[in-house]
Structure formats: C-alpha cells, structure tokens
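> One structure is given below, represented as structure tokens, and several questions about it will come after.
Each value in this text was obtained by applying a stated rule to the coordinates, not by laboratory testing. The structure presented is a predicted model; accordingly, all values stated were derived computationally and were not measured. As a convention, Cβ positions derive from the backbone with ideal geometry for all residues, glycine included, and neighbour counts pool all protein chains shown.
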Amino acid sequence: MCGIAGIFNFEDAETLVAETLFAIQHRGQESCGIAVRDCRGNISYHKGMGLVKQVLTPENIAKHQGSIAIGHVRYPTAGRSDKVNSQPHVAELPEGPHIAVCSNGDIINYNEIRTWLENEHSFTFRSDNDGELIGRLVAYYLVHEKMTIEEAITETQNKLKGAFSTLLIYRDMMFAFRDPHGFRPFVLGHLNHETGKEIMSDGVVFASESCSFGIVGATFIRELEPGEIIRLERGKPLKVVATAGKNKQHCVFELIYFSRPDGITFDELVYDVRKKIGAKLFDYDKDLGVDKDTVVMAVPDSSNFVALGYAQASPANFDMGLLRNHYVGRTFTKPEQKQRDEGVRHKFNPLPEFFNNKKVVLVDDSIVRGTTLRKIVRMVRGAGAKEIHVRIGSPKVVGSCYYGIDTPTRKELIASKKDVDEICDFIEADSLKYMSVEDFNIILQHPGNFCFACFNLKYQYSPEDFLQKTNAPDNRC
Ligand code: SF4
C-alpha cells in the first residue's frame, strides 16, 4: 500500500502535493518524494527516507517549484527499505524532456517486462520498483516504437498485469491511468474552480484518497474508472483517452482497514461501511449476554468505527480502554516482526483501573499473524478484564495479496493453518468471531465489484502469474 498525489496547472503545485501526501501519510511512512516540472521545462525531484514533514520540508521543496507536480508516500516491504526504491522515478529520454512517474500497486509481470527491456533493448534499471518499470516501459514505446505519448501509455497499460494507479508527467502534460480492474483507489478533484460541464485542465488534483482534498481546498469530482487514461494539457479540456475497464476488483481491505474513514473510496463512505460491519458483528452476538455493563472497545484507530457500529447496535457502551501513542506508525506496515512487536508495546497502553472485572468486546479489523492481537489481549487481561471476546471486522485472511498490499506468505497467516477455535486459543481470548464474506454482500452497494481474494482465494490472475511474481525482485511500491 502506497499513496500518490498530483496537482496540475496550479501555483505552488509542489507545496500542494506535499500537503496532499501529508493527508495520506497513513498509506506509507517509509519514504516519500515529489517530482516537479518547472517553468523552464525541466523535471526535478526530491525524495528520501522518512515522513512527509521530515523529507518534504519547505526548504527542500523550495528548490523544486512549479505548477505541475506529482508525489508518493511508500510503505516498506521486507528487505527493500531503501531510498533507491522511493518514488517518483524519472526515466530519461535521449533528447528530453524526461518522464516522471509515481504509482500505487503491484505489477505481477514485472520480472518478464524488466528482463525484456534489459536484454532486448539494453535498458538499465536503478531500482527494483514497479514505478520505475512503468516509466521505462512508456519510454520504450516513445523512443523505440516512435509512438505518441497517448499510444505509449495505452500500450503500457495493456502490457502490465496487476494493480496500478499511476501519475505521469511528460512535457507540460500530466497523465493519470489505472489498471483495468481498479484494485487501488484513485480519485480526481478540482482546485478553486467552478465545476462546470467541462473540466478545464487547470487546477486539477489527483490522489489515492478523497480525504486529502480538504487540506488543499479541492473539490471531489469522481473516482477514475478502472482502465481509464486521463490526459491533462495546459489550456485544453481534460481528455479521457481510454476507458478500457474489465471486471472491477476493488480491494475490499481498503474499506476495512487502509483508507481513512473520512473519505469516499470506491463510491462508499468508509466510516459508514465500518459502522455497518460493526452492527453486523453484533448480529452474531445475540446470545453473548452483551448488556449496558459490557465494554465495547476498539483496537485503535482503524477499528474505531467498527467498534462504534457494534456498540450503537447493542445495549453496551462504546469506550476507549486502550490509549494509542500516535507517534508510532502502523505496526502492520513495519517490515520486521521485531519492529512490529516493539510497535505494539510502544503503541498501546491500557487506562489504569478501567478494565477491573469487566466483560470486554474487543474489536479489531483483521488478524494477520495473530501475534499482535495476542499481545493486546494479554495487555487487556493483565489490566484486569474478566472476559475478552474478540470480534474481527473482516473474514479470515487465508491468502497473500499480490495487488499492492504486503501481506505475509500464506504459511505466516494464522488463518491458513488454524481454525477459528484454534486461533481463539492462540490469541488467548474467551471467544472469537469474524465477519463473514457473505455479509459483505449486505453491507456494500456493489459487492460484485470487489476483490476478496485474500479471504476466499479467488484471485484475478492465475497461479503462474504469482509464481513469476514470487521469483521477481521485490518490486512492490
Ligand atoms: S487480495 Fe485482499 S488485500 Fe489484496 S486486493 Fe484483494 S482484497 Fe485487497
């Protein structure tokens, strides 16, 4: 999971992109960067390891001013936490101007395309990152196949398999394009202009999530269609080059966990979906004896609205017995187990005397390895809780993700080898229930548009694709 942002044809675009990235910092805290086309037609960039406020400081981005800018926040992948894999990437063209690219997703046929570009066309890669691959593939079609930029991007889109929400700067143009299944979110907004029938290609903003638009004063317009290619050029109307969408495969985990609750993702209000999940979880608990003395609480923060939905549907009260230290990032996105363990200890602390002899419904969004949740259950029991009933706002995670989320291998996923009772024993809870895949059909407006592959193993791409991906360098965003 990563985040992308782009501003087209607006003063101080570099600053606005940095602010937009700050609003989607939850999508990646390992590294970040921006690329800017300045008034002389050069593309410059600045990127580094760390948070947006550390890397994209006013001093650093003052050297990269322009009205067309893109940016990226990256989340780490094990062993590949290196500045060289941070984005955006710039692909040089023989006579300039260069191409700048940032992308969120995961290219499954990365290895095949990279080998072809290196062996057949003498391309040199600096990173193992799929953002660079996309830029070099576009450059190949432009330079070697003499295509126009629109043709080059269309061919690139056709050749890539997997998930990609991508922004690209070329000359004084910006392109936004998305994989045909629309795995990762990608939204379009308007900056300080009246929304008329036709969007003029000035003051346009793109981002992974609409919650970032408020910070720059942008208006949400719509989500990009799967397979869509948008072209922006100064003084011209926004042009939709292509809408080659196939069956939609939006990542349902975005609604459960990743996306911020104050946004609209895949046409769903994220907080609303989470509250409905919570209410549905209470439906499973009619015989649990939940009453006004029961404490319903979340593992903060991604589960807050699920726990709230549960509590509002039940006679119990929503309360907050665990305090979260907000200076610790998402433990799930830490690359090593040791970091994740330390993250739990540093991240959560129980309120003194809060849990004494209480019956607790502890709500979390998902269970990956089970080790983090076991530490939290132990923490809550050690603080005095009498009963701890764990409720999970997603189905059992039984498979890895190949579309932009760094879930561990199958054998590391506790639900791939244990049943619910065994997982309950492992996490040391008094009871455990998961949200069912079937009940998402009730909660979502268009459940058929979503990917549930890590829950039901119904992947869009074949196992051969995965094998190739597994052999490839780790190229995730
Ligand atoms: S496999 Fe899971 S995490 Fe990956 S895109 Fe599908 S639903 Fe999302």
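> Using only Cα atoms, find the angle between the long axis of helix 371-382 and the longest principal axis of the chain, and express it within 0 to 90 degrees, rounded to the nearest 10.
40 degrees
> For each of VAL306, VAL90, count neighbouring Cβ atoms within 10 Å of the residue's Cβ, then give the residues from fewest to most.
In order of increasing Cβ crowding within 10 Å: VAL90, VAL306.
> 5 Å is the cut-off here: which amide hydrogens, built 1.01 Å from N in the peptide plane, fall below it relative to ARG171, excluding neighbours closer than 5 in sequence?
Placed amide hydrogens put nothing under 5 Å from ARG171.
> Test of understanding: ordering HIS26, HIS326, HIS250, HIS72 by Cβ neighbours within 10 Å, fewest first, what list do you get?
Sorted ascending by nearby Cβ count, the order is HIS326, HIS26, HIS250, HIS72.
> I'd like to know which of VAL360, THR372, GLY384 lies farthest towards the positive end of the charge dipole of the range 269-448, counting +1 on Cβ of Lys and Arg and -1 on Cβ of Asp and Glu.
Result: THR372, furthest along the dipole toward the positive end.
> Using a Förster distance of 56 Å, how high is the FRET efficiency between ASN317 and ALA62, based on the Cβ-Cβ distance and rounded to 0.05?
0.65
> Now a separate question. Can you give me the P(r) profile for the range 44-159? Cα pairs, bins 10 angstrom wide beginning at 0, each as a whole percent.
Calculated over all Cα pairs of the range 44-159, the distribution is 12, 43, 32, 12, 0 percent.
> Going by a ≥ b ≥ c, the root eigenvalues of the Cα gyration tensor, does the range 3-249 fall in the rounded group (a/c under 1.5), the prolate group (a/b larger than b/c) or the oblate group?
Here the range 3-249 falls in the rounded category.
> Using a Förster radius of 35 Å, what is the FRET efficiency between PHE125 and GLN445 based on their Cβ-Cβ separation? Nearest 0.05, please.
Efficiency computed from Cβ-Cβ geometry: 0.25.
> Using alpha carbons only, how many degrees (0 to 90, rounded to 10) separate the axis of helix 110-121 from the longest principal axis of the chain?
20 degrees
> Right, next: How many nm separate the modelled label positions at ASP82 and ASP301, each set 7 Å beyond the Cα in the direction of the Cβ?
If labels sit at ASP82 and ASP301, their model points lie 3.3 nm apart.
> Kirkwood Rh over Cα pairs of the range 269-448 into Stokes-Einstein at 10 °C, 1.306 mPa s: D in µm²/s?
Taking Rh from Cα pairs, D becomes 96 µm²/s.
> A further question on this structure: Provide the net charge surrounding ILE113, with neighbours chosen by a C-beta distance below 10 Å and charges set as Lys +1, Arg +1, Asp -1, Glu -1.
+1
> Could you work out the helix-only [θ] at 222 nm for the chain, with each DSSP H run of four or more residues adding -39,500 (n - 2.57) and the total divided by the number of residues, to the nearest 500 deg cm²/dmol?
-7500 deg cm²/dmol
> At a Förster distance of 25 Å, what's the computed FRET efficiency of ASP287 paired with ARG378, Cβ-Cβ distance as r, to 0.05?
The value I calculate is 0.40.
> How long are the semi-axes of the equivalent ellipsoid of the chain, defined as square roots of 5 times the Cα gyration tensor eigenvalues? Whole Å, largest first.
40, 23, 21
> Please give the Cα centre distance for the range 65-137 versus the range 201-256, rounded to the nearest Å.
Value for the Cα centre distance between the two parts: 21 Å.
> In the range 372-415, what trypsin sites (Lys or Arg not before Pro) fall in a loop by DSSP, with at most 12 other Cβ atoms inside 10 Å?
LYS386
> Going by how many other Cβ atoms sit within 10 Å of their own, how do LYS246, LYS275 line up, fewest first?
LYS246, LYS275
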